[in-house]
Amino acid sequence: MTGTILAQARPLTFAAGRAARELGLRRGEFDLAVHLGRIRTVPDEGGGGARRVPRTEIDRLRPRTGTLRESVKVVGTAEGAALMEIPAARFTRFAKLGLITPVRWYPNRYRAVVWLYLAEELRQFVSDHGNSRLLTGRAPEELRDRLRAGADQRARNWRGRHRGFLLRQADGPWERAGVVAAFLDPGEIDEVVTDPHERAHVQKLRPAPPAHGAPGSPAARLAEELMTADAPDEIGWLRNELTQEVAAARTTSPAPGPVPHTSHPVRHTLSPVPHTPGTAPRPPRHPAWPRRSHGLRGWLYKALKSPSWTTDTSSRPSRS
């Protein structure tokens with residue numbers, strides 16, 4: 001009995017908010033740790049949709065909460081440049097060239113995108129001796145040419161990182177197809193997924209962009225813009241990946257089609273007429289036949305029942 005009570009008091013999984021409190025993390029730190037795969041989650045067995053954290057994962061991470069918090073620390077351009085001991089302009093050039101990858105973003109009050117980077121990754125970049133020349137010397141001519149041509153890989157690299165996170169959370173092949181479709185314009189999806197039932201299913205499973213403001217707000221529109229691939233080579237790569245994911249999903253299980261509408265015809269049943277023993281059985285009464293007759297209908301009904309009308313004779317009664 002005592003063991004049963006203890007088992008009920010200690011849940012096997014925790015919701016995200018409770019798990020963050022158990023680990024002593026702020027909710028943003030917790031979400032980013034899940035995003036990066038630092039905290040393992042499982043689907044909600046109750047069918048709620050939100051993923052949960054197993055108790056065993058909480059027990060594993062609790063002794064190293066400080067290290068976990070440090071691993072998900074994010075910095076902006078100014079703080080990141082100070083950490084790397086380089087000018088902010090050089091830091092921005094690194095980001096535009098794709099040498100460092102943002103992990104998050106948010107719109108400031110001027111509706112401009114503020115990119116955030118993992119401090120841990122910036123320290124790793126500095127510690128790599130192969131990057132020493134980039135940190136202190138003049139950038140190679142090839143990189144300078146790319147900057148002059150307007151290169152900016154920040155949004156694209158963030159999309160790649162975010163897509164990897166969503167794919168790790170996908171529970172099946174159709175969900176994976178929905179993840180890839182989330183980074184394509186709807187017109188591209190229409191061209192790749194031509195079957196209407198499959199296309200509707202993929203569209204339904206597309207994850208929404210990260211929440212930044214109410215639906216339809218400028219911040220929400222900015223999130224949709226950053227979520228959608230814009231470079232031709234990126235679009236082509238995603239189209240090819242979507243084709244492969246849909247083909248793999250199709251072999252596993254067909255996309256659910258519309259529920260067929262079946263109409264059942266109304267059947268008129270004949271009501272039975274009581275049968276008196278010793279007499280010929282009478283046919284059942286049709287529901288349209290009147291049970292009680294009035295006026296001319298009643299007279300005609302009685303007349304048809306009279307012997308002179310039901311007997312085969314050559315003479316007909318005359319009316320006076």
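Just so you know, all these numbers are worked out from the coordinates, no wet-lab data involved. All values reported here derive from a predicted model rather than from experimental measurement. Cβ coordinates were reconstructed from backbone atoms using ideal geometry, including for glycine residues, and neighbour counts include every protein chain displayed.
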request  = Run through all the Cα pairs of region 1-122 and give the fraction in each 5 Å bin from 0, expressed as whole percent.
outcome  = 2, 10, 17, 16, 14, 13, 10, 8, 4, 3, 2, 1, 0, 0
remark   = Residues whose built amide H sits under 5 Å from the amide H of residue 39, excluding neighbours closer than 5 in sequence, are 34
note = Spelling it out for residue 74: with amide H atoms placed in the peptide plane at 1.01 Å from N, the residues 5 or more places away or on another chain with amide H under 5 Å from its amide H are 119
ask   = Where nothing but the Cβ of Lys and Arg (+1) and of Asp and Glu (-1) is charged, how large is the charge dipole of region 155-252 around its Cα centre, in debye to the nearest 20?
value = 380
Linear extension gain, residue 225 paired with residue 109, 0.36 nm per residue minus alpha-carbon span = 40.0 nm
message = Quick one: 3J(HN,Hα) in Hz for region 236-253, Karplus 6.51/-1.76/1.60 with θ = phi - 60°, rounded, Gly and Pro as x.
response = x, 5, 5, 4, 5, 5, 5, 4, 5, 5, 5, 4, 5, 5, 5, 6, 7, 7
message = Calculate the FRET efficiency for residue 26 and residue 194 from the Cβ-Cβ distance with a Förster distance of 56 Å, rounded to the nearest 0.05.
response = 0.80
task = In whole angstrom, note down how far apart the Cα centers of region 146-183 and region 45-113 are.
result = 16
query = Is region 74-152 best put as rounded, prolate or oblate by its Cα gyration tensor, with a ≥ b ≥ c the root eigenvalues, rounded for a/c under 1.5, and otherwise prolate when a/b is larger than b/c, oblate when not?
reply = oblate
task = Please list the equivalent ellipsoid semi-axes of region 106-250, computed as the square roots of five times the alpha-carbon gyration tensor eigenvalues, in descending order and whole angstrom.
result = 32, 19, 16
message = Taking the number of other C-beta atoms within 10 Å as the exposure measure, put 193, 180, 42 in order starting with the fewest.
response = 42, 193, 180
message = To make sure I understand, if each residue's beta carbon is the centre and we count other beta carbons within 10 Å, what order do 75, 202, 103, 114 fall in, fewest to most?
response = 114, 75, 103, 202
